[in-house]
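This report concerns only the one structure given below.
The values are calculated or read from the model by the stated rules, or taken from the named source; none is laboratory data. Since the structure is predicted, the reported quantities are computational estimates derived from the model, not experimental observations. Cβ coordinates were reconstructed from backbone atoms using ideal geometry, including for glycine residues, and neighbour counts include every protein chain displayed. When the accessible area is computed, the model is the full protein with side chains, heavy atoms only, and any ligands, DNA or RNA have been set aside. Shrake-Rupley method; radii C 1.70, N 1.55, O 1.52, S 1.80 Å.
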Amino acid sequence: MPGPYSANAFTLAPASPQAAAISRLFVGTLIFLGVVLALVTLLVLYAIIRYRDRPGAPEPRQNFGSRRLETIWTVVPILLLIVLTAFMAYAMHTGDPAAAVDDPDLRIVAHQWWWEIYYPKSGVIAANEIHIPVGHSLSVELRSADVIHDFWVPQLARKIDIVPGHPNYLRLQADHPGTYLGACAEFCGTEHAWMRFQVIAQPPDKFAEWLRAQKAAPAAPTSPEAIQGAQIFADRTCANCHRVSHTVASASIGPDLTHVAGRRMLAAGALENTPANLGAWLHDPDEFKPGSHMPNLQLSKNDLNALVAYLETLK
Amino acid sequence: MKEAAIPDALEGESFAVEAREGWLSWVASVDHKQVGIMYLLGAFFFFIVGGILALLMRVQLAVPDNRFVTPEIYNQLFTMHGTTMVFLVLVPLLIGFSTYLVPLMIGARDMAFPRLNALSFWVQIFGGVMLYFSFATGGVNGGAPAAGWFSYAPLSEKAFSFSRGVDYWALGLLAIGVGTLGAAINIVATAICLRAPGMTIRRLPLFVWMTLVNAWLIVLVMPILNAALVMLLIDRQLNAYFFRPAMGGSALLWQHVFWAFGHPEVYIMILPAFGIISEVVPVFSGKPIYGYEFVAASTVAIAFLSLAVWAHHMFAVGLGHTFDMFFAVCSMAIAVPTGVKIFNWTATMYQGRLRFTTSMMFALGFLLMFTIGGLSGVAFAVVPVDWQMTDSYFVVAHIHYVLFGGTVFALFSGVYYWFPKISGRMLSEYLGKWHFWLTMVGFNLTFMIQHVLGMLGMPRRVFTYPALPGWEAMNLLSTVGAFLLAFSVLIFMINLAISLRTGEAAGDNPWDAWTLEWATTSPPAAENFPLGVPPVHGRRPLWDLAHPDRTDEMLMKLAG
């Protein structure tokens, strides 16, 4: 599929110093373990071929063991594991550098089943898409609004649980511009599968531009349909859960929608963000994400079209 | 050396030989052989049920964006699959073998507490039925548990799992836990108190050794689970907040108590399997086990270490590098005694005369598959690797290489090995070979590929997934493998059914084996050894009987 899935989540294609350190250790570990596996397999296969029962073979010598061999295959693995532990300690240090606890660049709040993204230094709030400037190491604070979730962007950073009552901290960085796929990795209830997100790394100037645009109020709707949609948004229950900055809608139960039309995906990865998909989603959320907390508002065809027209103005 | 005698008190009671007919002769039985067989049959039944749950999951995952089942149902499927396979299949199968074999192997007439034995079994079955009853609870609060087999709080709390499923899960596991605990206490008492004259601890068959260590481990950790379950129930039913962070409780407390039980549980599911392999490999190699003391002692080492590794399930939790490091080193240390076992089993085959019976082939399959699972386990002890691969399909592959490639292969090996003793008839080797090869291919097709899926970033426990590059084809292949695996189990069942009726008569000792269970008839008489237990002067009493000029004692003296 083109578009949203041209990016990947391959752990061995790292795009940050942290992920690279982990990836190197992973590859090294796999090679080491592969050699051990090959050795054991060869020993077993040799025994199978060489010592299979042949007609007229004599009774085997009754051999009870050898202390020397036991010592060898106890001590040698210990030494190898000590070496592995040293590499591990090094990679822990480089793969998960200490993150600032105060004054984070990003605060991520995991909800059942979507991601709330704060930029505390600029006051911007987004959802399910994390824009970051390339080459900058950001300190991230992770909090949960309900159950345990897990923040996992395989190409950028270690996986880290998001535990209610136990904030976690992480450094997030991308070396190259691009889209990096992330997902919740700790089972968190019905729609765990559709708790995906994307990290979009941009050159610093592009990122600054994006941040400015996000901070700005969305242009007021102009077409009659969109104006009607804005009215529906405020009157019906939408505004009880969602926020659109500079309007009466200021709740934070569901994702912030201030610039929803600019996002790539809907419903934390369940749908590509097109006007048609947005309409279908509003018509029946359970069709695409059964169990999600987004209610079916039983909108009339007219209201639905008006609402879509309005939301599409929130670029 | 002090030798244990059979306590006189047991002589007066008659346990098994009451004349009952039909099903009552089973349901009311306190004979360890009948209870053992019921354990095996009950667990095999749940194995089929748990396997069907797995097939439904694989159908759902065969293609991306599939709508074969709803997410609610899918989450119930994997929760019940995991819970069933751990608590109602693997542990009871191993206990079933232990219950059947330990008294025979040590020359005893029955378990130390025959009535406790039957009680343990029935309580465990009751727990299983209670767990599955959750499927039958209807209405808005109905349905099976859907919080995963380790039911992480606060997801498992009432606020997030308001169906009664988790309550059934906790109550069912409590009953199963009590049953398992009873069985373990019984095994410890039996192996310590009821050994035949001459059967010293240093002469115990390795299967008994590992079962004994395993039973100790159950006694040590099962109460931790039961305490945790009671805490969870108090939270859910009486509105307490042990595990509710919003009310001042701790979500991590659940993880600590659960895994303090849960990781030793993994070894509880593998140690008796090691015991089966330690019996099968020597017999079909025509040689005694290589390094008996080391195989036995490494079991004790594994059991001790297993109590200090639980937090390697929690490396992603963010508890700090020092904390992670401690548990990483302990976890890696377990690889050493485990490696000792692998090397000793392999060395046992060297210069032997290998007979490739189906039992031996499953043992060899175990050796290779378990090594893969053990080594990917070492990868998970390497903290940064765990940071990437935990909770992905890589860990799904890992647990299945350990528990299927390890335990289930060993169990099949044990079934082919002891079926003649249990039933008096041989299983078909022809169907057995088909069973083995289909299992080998189906198993590896299903799970090898899941390592790659994990590396490609697929999280576990997702009811569906986007069509990311590679995910589609690999998931489909994995589903094909799962059905092949299911087909191999079907062949095994056909083999059981046919061989039970028409299998070749086994005789007392069809494999030329050396431990005491082969000294009696197949199937053994109600009192196990009506003609008396053969004298025990070494680890292989039947070898000593057959070679009075070259007993183990003499051979070991010669070897120095």
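Kindly indicate which of B:258, B:242 is farther than 30 Å from residue A:58 by Cα, within 14 Å of chain A (Cβ to nearest Cβ), in a loop (DSSP other than H, G, I, E, B) and of a type outside the set (Val, Ile, Thr).
B:242
Out of all the residues in the stretch B:528-537, is one or more more than 29 Å from the chain's Cα centre (by Cα), over 18 Å from residue B:205 (Cα atoms) and open to solvent by 70 Å² or more (accessible area, probe 1.4 Å)?
There is at least one residue in the stretch B:528-537 that is more than 29 Å from the chain's Cα centre (by Cα), over 18 Å from residue B:205 (Cα atoms) and open to solvent by 70 Å² or more (accessible area, probe 1.4 Å).
Which pairs have Cβ atoms under 7 Å, sit 6 or more apart or on different chains, and link a residue in the stretch B:88-108 that is of a type in the set (Ser, Thr, Tyr) to one that is not in a helix (DSSP H, G or I)?
Here the result reads B:99/B:111, each pair linking the stretch B:88-108 to a residue that is not in a helix (DSSP H, G or I).
Is there any pair with a first residue in the stretch A:241-265 that is touching a residue at least 40 places away in the same chain (Cβ under 8 Å) and a second that is aromatic (Phe, Trp, Tyr) and surrounded by 17 or more Cβ atoms within 10 Å (Cβ to Cβ) whose Cβ atoms are under 7 Å apart and which are 6 or more apart or on different chains, and what are they?
The qualifying pairs are A:255/A:114.
What are the residues in the stretch B:355-406 that are at negative phi and charged (D, E, K, R), if any?
Selection gives B:355, B:386.
Go through the stretch A:4-42 and give me each residue that's outside any helix (DSSP H, G or I) and at the interface with another protein chain (Cβ under 9 Å from one of its Cβ atoms).
A:7, A:8, A:9, A:10, A:11, A:12
Among the residues of the stretch B:57-108, which ones are aromatic (Phe, Trp, Tyr) and either within 30 Å of residue B:536 (Cβ to Cβ) or in contact with a Gly (Cβ under 9 Å, 6 or more places away or on another chain) (or both)?
Residues satisfying the conditions are B:78, B:87, B:97, B:100.
I'd like to check something: does the stretch A:302-312 contain any residue that is assigned to a loop (DSSP other than H, G, I, E, B) and open to solvent by 30 Å² or more (accessible area, probe 1.4 Å)?
For the stretch A:302-312, residues assigned to a loop (DSSP other than H, G, I, E, B) and open to solvent by 30 Å² or more (accessible area, probe 1.4 Å): absent.
Considering only the stretch B:314-327, how many residues are within 11 Å of chain A (Cβ to nearest Cβ), part of a helix (DSSP H, G or I) and open to solvent by 10 Å² or more (accessible area, probe 1.4 Å)?
Here the count works out to 3.
Taking the residues in the stretch A:47-68 that are within 18 Å of residue B:339 (Cβ to Cβ) and more than 7 Å from chain B (Cβ to nearest Cβ) as candidates, determine which candidate is surrounded by the fewest Cβ atoms within 10 Å (Cβ to Cβ).
A:68
Which condition does residue A:208 not pass, out of (1) of a type outside the set (Asp, Glu); (2) surrounded by fewer than 18 Cβ atoms within 10 Å (Cβ to Cβ); (3) in contact (Cβ under 8 Å) with a residue 40 or more places away in the chain; (4) touching a Lys or Arg at 6+ places or on another chain (Cβ under 6 Å), if it passes all the others?
(4)
Could you tell me whether any residue of the stretch A:83-102 is out of contact with any Lys or Arg (no Cβ under 8 Å at 6 or more places or on another chain), more than 30 Å from residue B:394 (Cα to Cα), of a type outside the set (A, V, I, L, M, F, W, C) and open to solvent by 80 Å² or more (accessible area, probe 1.4 Å)?
The answer is yes; a qualifying residue exists.
Looking at A:246, A:176, which one is open to solvent by 50 Å² or more (accessible area, probe 1.4 Å), on the phi > 0 side of the Ramachandran plot and more than 14 Å from every other protein chain (Cβ to nearest Cβ)?
Testing whether each residue is open to solvent by 50 Å² or more (accessible area, probe 1.4 Å), on the phi > 0 side of the Ramachandran plot and more than 14 Å from every other protein chain (Cβ to nearest Cβ) leaves just A:246.
Can you work out which of the residues in the stretch A:75-103 that are touching a Leu at 6+ places or on another chain (Cβ under 8 Å) and more than 26 Å from residue A:35 (Cα to Cα) is modelled with the lowest pLDDT?
Result: A:99.
For residue B:462, are the conditions met, namely being over 30 Å from residue B:204 (Cβ atoms) and open to solvent by less than 20 Å² (accessible area, probe 1.4 Å)?
It is true that residue B:462 is over 30 Å from residue B:204 (Cβ atoms) and open to solvent by less than 20 Å² (accessible area, probe 1.4 Å).
Could you tell me which residue of the stretch B:392-407 is nearest to the chain's Cα centre (by Cα), considering only residues that are crowded, with 24+ Cβ neighbours inside 10 Å and either outside any helix (DSSP H, G or I) or of a type in the set (A, V, I, L, M) (or both)?
It comes out as B:397.
Is there a residue in the stretch B:280-295 that is away from chain A (no Cβ under 12 Å) and open to solvent by 10 Å² or more (accessible area, probe 1.4 Å)?
no
For the stretch B:416-428, does any single residue satisfy the condition of being within 21 Å of residue A:154 (Cα to Cα), among the aromatic types (Phe, Trp, Tyr) and modelled with pLDDT of 95 or more?
Within the stretch B:416-428, none of the residues are within 21 Å of residue A:154 (Cα to Cα), among the aromatic types (Phe, Trp, Tyr) and modelled with pLDDT of 95 or more.
Kindly indicate whether residue A:272 is surrounded by fewer than 22 Cβ atoms within 10 Å (Cβ to Cβ) and assigned by TED's automatic domain parsing to the domain that holds residue A:152.
no
Yes/no matrix, rows are residues, columns are (1) modelled with pLDDT of 95 or more; (2) among the aromatic types (Phe, Trp, Tyr); (3) in contact with a Cys (Cβ under 8 Å, 6 or more places away or on another chain); (4) more than 21 Å from residue B:339 (Cβ to Cβ):
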position	(1), (2), (3), (4)
B:275	yes, no, no, no
B:279	yes, no, no, no
B:284	yes, yes, no, yes
B:288	yes, no, no, no
B:296	yes, no, no, no
B:299	yes, no, no, no
B:303	yes, no, no, no
B:314	yes, no, no, yes
